[in-house]
Each structure stands twice: as structure tokens, then as C-alpha cells.
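Derivation of every value follows stated rules applied to the coordinates shown; laboratory data play no part. Only a predicted model underlies this, so the values are computations on that prediction, with no experimental measurement involved. Here the Cβ is made from the backbone with ideal geometry for all residues, glycine too, and neighbour counts use every protein chain on show.
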Amino acid sequence: MRITSKGQVTIPIQIREQAGLLPDTEVDFEYDGRVVRILPRRGAPARGRTIVGRLRGSATLKMSTDEIMALTRPARRR
């Protein structure tokens with residue numbers, strides 16, 4: 001693996017997935033004089049919260065929750 005002239009390196013996908021380092025994850029670096037560690041930033045919002053925050057207020061239809069749920073459920077037979 002090589003560090004670019006901009007100081008960038010690609011973290012292999014298997015390591016990113018195992019460590020939970022998903023896109024937009026805030027990270028911190030630790031250096032103990034010998035080893036560099038990349039850690040998810042403490043106190044950073046959870047990924048789910050970030051996604052919900054991005055979606056909040058993005059609906060374009062003026063439907064109630066009940067109307068939307070009715071569309072997603074199979075029709076009842078009588």
C-alpha cells in the first residue's frame with residue numbers, strides 16, 4: 001500500500017467493514033510513537049441517525065403516515 005502525495009491511503013474494504021468505517025464516518029488518529037491507529041470518532045452521530053437526518057423533510061408527497069402504510073400493505077380479501 002502506498003501513501004499518495006496528498007497523504008491519502010485506501011483502507012481495504014474488509015478492514016473498513018470489520019471496523020465499521022463506513023462512508024462519512026468521522027475518524028480520529030492516534031500515534032503512540034510506533035503505531036498509527038484509526039478510530040471512529042467518539043461522540044460522532046451514529047450512521048443511522050445521520051441517514052435519517054438527511055432524509056428528514058425530503059418527502060414530496062402530501063400523504064399521511066396512514067395513507068402511505070395503506071399503500072404498502074396487501075389489499076384485504078372480503
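The table below lists the values:
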{"item": "Contact order normalised by residue count of the chain, Cα under 8 Å, 6+ apart, percent", "result": "15"}
{"item": "Separation in nanometres of the label points that stand 7 Å from Cα toward Cβ, at Met1 and Arg76", "result": "5.6"}
{"item": "Thr10-Tyr31 pseudo-label distance in nm [points 7 Å out on the Cα-to-Cβ vector]", "result": "2.5"}
